[in-house]
1. Counting only residues that are out of contact with any strand residue (DSSP E or B) (no Cβ under 8 Å at 6 or more places or on another chain) and among the β-branched types (Val, Ile, Thr), how many does region 324-355 have?
2. Do we find a residue being of a type in the set (Val, Ile, Thr), touching a residue at least 40 places away in the same chain (Cβ under 8 Å) and part of a strand (DSSP E or B) anywhere in region 400-416?
3. Checking the structure you have, find out if any residue of region 179-186 is modelled with pLDDT under 65, outside any helix (DSSP H, G or I), farther than 30 Å from Ile74 by Cβ and outside the structural domain of Arg297 (by TED's automatic domain parsing).
4. Within region 250-293, which residues are among the small types (Gly, Ala, Ser), more than 13 Å from Asp421 (Cα to Cα) and part of a loop (DSSP other than H, G, I, E, B)?
5. Which of the residues spanning region 358-392 are without any contact (Cβ under 8 Å) to a residue 60 or more places away in the chain and of a type in the set (Val, Ile, Thr)?
6. Output yes when any residue across region 358-369 is within 22 Å of Leu261 (Cβ to Cβ) and of a type in the set (Lys, Arg), and no when none is.
7. Please work out which residue is surrounded by the fewest Cβ atoms within 10 Å (Cβ to Cβ), limiting yourself to region 57-89 and to residues that are small (Gly, Ala, Ser) and touching a strand residue (DSSP E or B) at 6+ places or on another chain (Cβ under 7 Å).
8. Just give me the residues in region 110-151 being on the phi > 0 side of the Ramachandran plot and out of contact with any helix residue (DSSP H, G or I) (no Cβ under 9 Å at 6 or more places or on another chain), in sequence order.
Amino acid sequence: MTPTLKLYGLLALGGAIATTLDALSPTAATFSFPLEALLFFNGVVLLIMVVDWAQVSGPQRAIAHREPLPRLSIGRDNPVTLKVSAPKAAAKLQIFDRYPTDFDDIPMPLTVDLPAKTATRITYQVLPTQRGEYQWGDIQMRQLGPWGLAWRSWTIPAQQTVAVYPDLVGLRSLSVKLAIQSTGNLRQRQRVGIGTEFAELREYAIGDDPRFIDWKATARRSAPLIRVLEPEREQSLIVLLDRGRLMTANVKGLSRFDWGLNATLSLALAGLHRGDRVGVGVFDREMHTWIPATGGRPHLQRLIEKLTPIQPALLESDYLGAVTQVATQQHRRALVVVITDIVDQTASAELLTALTRLKSRHLPFCVTLRDPQVDAQAHAFADDVIDAYSRAVALDLLDQRQVAFMQLKQAGVLVLDAPADQITDPLVEDYLRIKARNRL
């Protein structure tokens, strides 16, 4: 039972009236009439409060439950929905949902005014910044009595364990985007003459290359038909994800490894959608996890389940060891994507050596996750010595990265450098471009 301000106001009003009456009519009696009246008034008010509190029971009590939580996505606002109903009477409620304490503070309680015999849904958002399993607790309910004198509290059992996965929301969006690209007429026209596998015949359109007109089919139909070619399917895509020291840094609320993991799964989805076999290796000073290249849509779910528990470690990464593992396990030519970061020319020497070794058999692709805060610092106006020094350091870091990228490009390595929180889209686009141009 929790008294309300209305109750305290009534008690305070009774005390003020009794004090005024006692001051106007002093008496020598041990208990004056105003004091006796005050005690009687307070007793009546407290009794009414108890009755008001007791009315919030049985059919008068509101009902609430938390809708089952799906797998949550890291770095995304995930909705949590509570369904609340008032079976018999109107209800004013305060709801405390015991969400995991590891999440950012969420304003509680959730308040709602329900008319009689109605139901509603209340939704709040949680933003996980780490993968793993989290425990939701029970729901604490508080309902105001009909006369507004007391809150009645009770607990609704609702304990639930929920797993936080990589960015599943982004994967669903990408899947829809890839499906639209595959079936859209514009996408089909862009693939004319690009690739090695025959896809279909269609009518010649303005802007098409006449070299791809199928003259035999044209003669049969008496109308110009053109061959549509698409990139070869059943190629191999290997993603090597660094989980070493450089990937432990926090960028925009998530670790660099988490941004890399999101990009890895998105790239895997694109590869499987295009009919390629996709393999993934996660490494630090040794190959922590190796998943051989396999095709088929179910393979994506296996990748998600195996990669989700992995966390970055404060270990130096062995690029040569990771590349040796690829050379041993992957005999067929493949696009090998290494997702990591580069500090400077010296630190990237081993990475350059490792990727150069791949060049003879595979197509190496180095993807680095840049910290956008360094970019902002490098381009910020400096108005004092400390800011000027910070800007100079940031500019020097960017210059050294560019030198390292230049060396990689000169060695025939494909390079993509983008902010960690924006890496997914350009990476998938580069992969589709490589497929379309038959670089493999």
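The values are calculated or read from the model by the stated rules, or taken from the named source; none is laboratory data. These numbers were taken from a predicted model, which means no experiment stands behind them. Glycine also receives a Cβ, built like all others from the backbone with ideal geometry; neighbour counts cover every protein chain displayed.
1. Here the count works out to 5.
2. Going residue by residue through region 400-416, those that are of a type in the set (Val, Ile, Thr) are 403, 413, 415.
Now drop any that are not touching a residue at least 40 places away in the same chain (Cβ under 8 Å), which leaves 403, 413, 415.
Now drop any that are not part of a strand (DSSP E or B), which leaves 415.
Yes: region 400-416 contains one or more residues that are of a type in the set (Val, Ile, Thr), touching a residue at least 40 places away in the same chain (Cβ under 8 Å) and part of a strand (DSSP E or B).
3. Yes, some residue in region 179-186 is modelled with pLDDT under 65, outside any helix (DSSP H, G or I), farther than 30 Å from Ile74 by Cβ and outside the structural domain of Arg297 (by TED's automatic domain parsing).
4. Selection gives Gly275 alone.
5. Once the filter is applied, which keeps residues that are without any contact (Cβ under 8 Å) to a residue 60 or more places away in the chain and of a type in the set (Val, Ile, Thr), region 358-392 yields Thr368, Val374, Val385, Ile386.
6. no
7. Within region 57-89, the subset small (Gly, Ala, Ser) is 57-58, 62, 64, 73, 75, 85-86, 89.
Retained after the next criterion (residues that are touching a strand residue (DSSP E or B) at 6+ places or on another chain (Cβ under 7 Å)): 62, 64, 73, 75, 85-86.
Working: Ala62: 22, Ala64: 21, Ser73: 21, Gly75: 22, Ser85: 14, Ala86: 23.
The extreme case among them is Ser85.
8. At the first step, the residues of region 110-151 found to be on the phi > 0 side of the Ramachandran plot are 117, 132, 148.
If the condition is that a residue be on the phi > 0 side of the Ramachandran plot and out of contact with any helix residue (DSSP H, G or I) (no Cβ under 9 Å at 6 or more places or on another chain), then Lys117, Gly132 are the ones that fit.
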